[in-house]
Amino acid sequence: MNKVWLIAAREYLTRVRKKTFILATLLTPVGIGLLMLAAAYFAKSGSDANKSILVKDDSGIIQDASVLDSETMTYTLSNSDTNTLKDSYNESADILVVIPPFDDLSEKSHQISYYSQEKLSIGTINKIEDAVGNQFREHKINSSDISMDTYNSFKTSIDLENGELLDQIAAGEDPKSSGKTGVIVGTILGGLMGFMMYMVIFVYGGMVMRSVMEEKINRIVEIMISSVKPIQLMLGKVIGVGGVGLTQLAIWLILTPAILFGVQHFFGGDLASTTGVTPDQLDQITSAADLSESKISSYIKEFKSLNWLLIIPVFVIFFFGGYFIYASLFAAIGSSIGDDMGESQQLMIPVSIPVVIAFMMLQPVLNNPNGNMAIFGSLFPLISPIIMPARLAFDPPMWQVALSIIILIISCVFFAWIAGRIYRVGILMYGKKVNAKEVLKWLFYKE
Amino acid sequence: MSVLSIQNVVKEYAGHKAVNNVSFDVPKGSIFGLLGPNGAGKTSLIRIITRITAADSGRILLNGKDISETLIREVGYLPEERGLYKKMMVGEQLVYLAQLKGLTKLEAASEIKYWLEKFDIKDWWTKKIEELSKGMQQKVQFIATVLHKPSLIILDEPFTGLDPVNTNLMKEEIYRLNAEGTSIIFSTHRMEQVEEICKDIVLIEKGQVILTGAVGEVKEQFKENLFKINTTQPLKSGSSAYAILNSDEEGTTIKISNDATSNDVLSEVIQSGNVVKSYAEVLPSLNDIFIKQINRI
């Protein structure tokens, strides 16, 4: 066991000290931050240069142009002749908007026109439409018998929530049933796990594989194997590279939000407005979703009430288990091919298929988190690392969680055993084209 | 007593017997030549001794104990295909390999210092392997093989790629280690090196032992009663005691008949009035024995 740690430590240290590792680890969050900034910059420079708009209102609805104003758009009313304005608006404004006479209150759709030297973006058109539309609506309401308050009360939204949960909250108990928040948390956990598994497979699994190939090509493996058992070498490698992965993920998990927060902080208002969401819109969104304060606090309550003491450790167990299984498989692949990188790329595809299947299963499973597909997905070891964590927010039966973990652990041992048997033969095999049949035979070679 | 005793070892790969019922003993304190043509099963056998693979059947005793019960650090192995971690520093790498053999970091460091000084490469500790030439890497590899003070060292073609100066340096180290009591198995095709270095040999072909023993005994066993005689006048042919094979400036090579002795030959030559300047037995070279034995199979 001691030797496994020695090997793991070497694998870990040589990688973590590499300049490429340090750069990739630090630059990725910085890159994400820069990407956000760039997106914000382009969005800003693209659509939201300040525009001045001249309004010729023949309907008489707009009394005061300033009610139309928004952060980037300034409106001015003009009474001049429309034809004259068409020729001369560009002396004082970017855009001329002409509102024709309006008398029929029952009309739902209204055509107004604009004149502009430049083509207008969809965003600008929408903003003008919204601003003018709001005034039309208000005018219609004011001309009717309905008060503004009555009109506002017509806006309706239904929130369907788990009754048991609501009862528990009403009774002042800690909620035990899960509601919508569970779906959100489940989706996030499943998605996160799926993302991490992908990382594991394509980055760290590949790292294990390349490391095995390197030792084989280097011929150092013969010296290593005369000092340690092949399985020790393989396990050490898997553990060491796993440590590298954890380090990298941990740094990203800390740095990325920190950098994003920093970007937001320094370019705060800009970023919010330029990512396309204005404070107004934000208000609209929240009111549409009816996120009243009591609502939010109930979400928070429910979020807190999720069984994190179960979710976090089980998530970690499945992360390690999933990594271990896939990394072992990659070690076996690395050992059975020589120096042909192209061949190794091909062999990665079949190994990644279960992950793709798990991703496809994720949505149906979240829709029916205790259905048959969900149960199957939680028990099948190549898929369970993605499916089981996603289900944790939906109070799956404990026996399923336990059984799933037991199967995962047995699978880890099983796959390590298989991989180990392929590995110990593969690393000493040179200059021979290996096929699947050959590899199967290796499983049954004596030590 | 033997340091290593191989008893009826068999190893089969996919229906082909790479090692077929091999038995021989390596005497303690010997420099032992493991000989055989390419593909004879030397590497398979070495891999079994170094526990890289296991035998299908048979026993291997190291210092009288079954090899699976002995410590890994009792054996040092320099494989024919050398390899080191290219990106690692020399010191780091040697410490790591020594630790895997069971040394502590401290023990390893002091041993490594000793060896680096010995090879006059003290300042290499922080050099990366990839910065070294092949011959230099070989020195590092040699240190990795011996620094844990194994009782048995297995060297597979240790001198390939070395210049004459470094070959000599390494040879001296091998002799010195041997004088200190380390037994050495030396696997090579280079017969002149075997002749120069080895005390005992085993010859393997097609997975089987063809012959084994002390170098002198083997030569004795395969000698063909050949002698080289130098005389003032040419030897007469047609003698019943000997037959002339060839002659050159150094003399004439003769083969003595089975029922005659050197005394018979010499008295016959002297009685014929010829004067003997020198007379010596010609023992077969290991190379000749090797080729003859291999061709016989």
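Observations on the model:
- Subset of region B:1-11 (residues that are more than 17 Å from the chain's Cα centre (by Cα) and buried (at least 17 other Cβ atoms within 10 Å of the Cβ)): B:9, B:11
- Selection from region A:84-113 of residues that are in contact with a strand residue (DSSP E or B) (Cβ under 8 Å, 6 or more places away or on another chain) and buried (at least 17 other Cβ atoms within 10 Å of the Cβ): A:85, A:89, A:93, A:94, A:95, A:96, A:97, A:98, A:99, A:112
- The sole residue among B:142, B:186, B:159 that is under 28 Å from residue B:289 (Cα atoms), of a type in the set (Phe, Trp, Tyr) and in contact with a strand residue (DSSP E or B) (Cβ under 7 Å, 6 or more places away or on another chain) is B:186.
- Every pair of residues 6+ apart whose Cβ atoms lie under 7 Å, when the first sits in region B:224-246 and is over 26 Å from residue B:292 (Cβ atoms) and in the same structural domain as residue B:268 (by TED's automatic domain parsing) while the second is surrounded by 10 or more Cβ atoms within 10 Å (Cβ to Cβ) and of a type in the set (Gly, Ala, Ser): B:230/B:251; B:230/B:278; B:236/B:272; B:240/B:257
- On inspection, residue B:153 qualifies as assigned by TED's automatic domain parsing to the domain that holds residue B:45 and part of a strand (DSSP E or B).
- The residue that is farthest from residue A:201 (Cα to Cα), counting only those in region A:225-236 that are touching a Gly at 6+ places or on another chain (Cβ under 9 Å) and assigned to a helix (DSSP H, G or I), is A:230.
- Single residue of region B:18-41 satisfying the filter (within 14 Å of chain A (Cβ to nearest Cβ) and at pLDDT 85 or above) that is surrounded by the fewest Cβ atoms within 10 Å (Cβ to Cβ): B:18
- None of A:3, A:56 is basic (Lys, Arg), touching a residue at least 12 places away in the same chain (Cβ under 8 Å), part of a strand (DSSP E or B) and over 30 Å from residue A:253 (Cβ atoms) except A:56.
- Complete set of residues in region B:71-82 that are within 7 Å of chain A (Cβ to nearest Cβ) and surrounded by fewer than 20 Cβ atoms within 10 Å (Cβ to Cβ): B:72, B:81
- Long-range neighbours under 6 Å by Cβ, at least six apart or interchain, first residue under 16 Å from residue B:153 (Cα atoms) and assigned to a loop (DSSP other than H, G, I, E, B) within region B:58-73, second among the aromatic types (Phe, Trp, Tyr) and at pLDDT 90 or above: none
- Within region B:61-70, restricting attention to residues that are of a type outside the set (Lys, Arg) and over 24 Å from residue A:423 (Cβ atoms), the residue that is farthest from the other protein chains (Cβ to nearest Cβ) is B:64.
- Among the residues making up region A:225-252, those that are under 17 Å from residue A:15 (Cβ atoms) and within 13 Å of chain B (Cβ to nearest Cβ) are A:233, A:236, A:237, A:240.
- If you go through region B:84-94 and keep only what is more than 10 Å from every other protein chain (Cβ to nearest Cβ) and crowded, with 21+ Cβ neighbours inside 10 Å, you end up with B:90, B:94.
- Residues in region B:97-116 that are part of a helix (DSSP H, G or I), under 14 Å from residue B:73 (Cβ atoms) and within 13 Å of chain A (Cβ to nearest Cβ): B:97, B:98, B:99, B:100, B:108.
The values are calculated or read from the model by the stated rules, or taken from the named source; none is laboratory data. Just so it is clear, the structure is predicted and the values come from calculations on it, not from any experiment. A quick note on method: Cβ atoms are made from the backbone with ideal geometry, for glycine too, and the neighbour counts reach across all protein chains shown.
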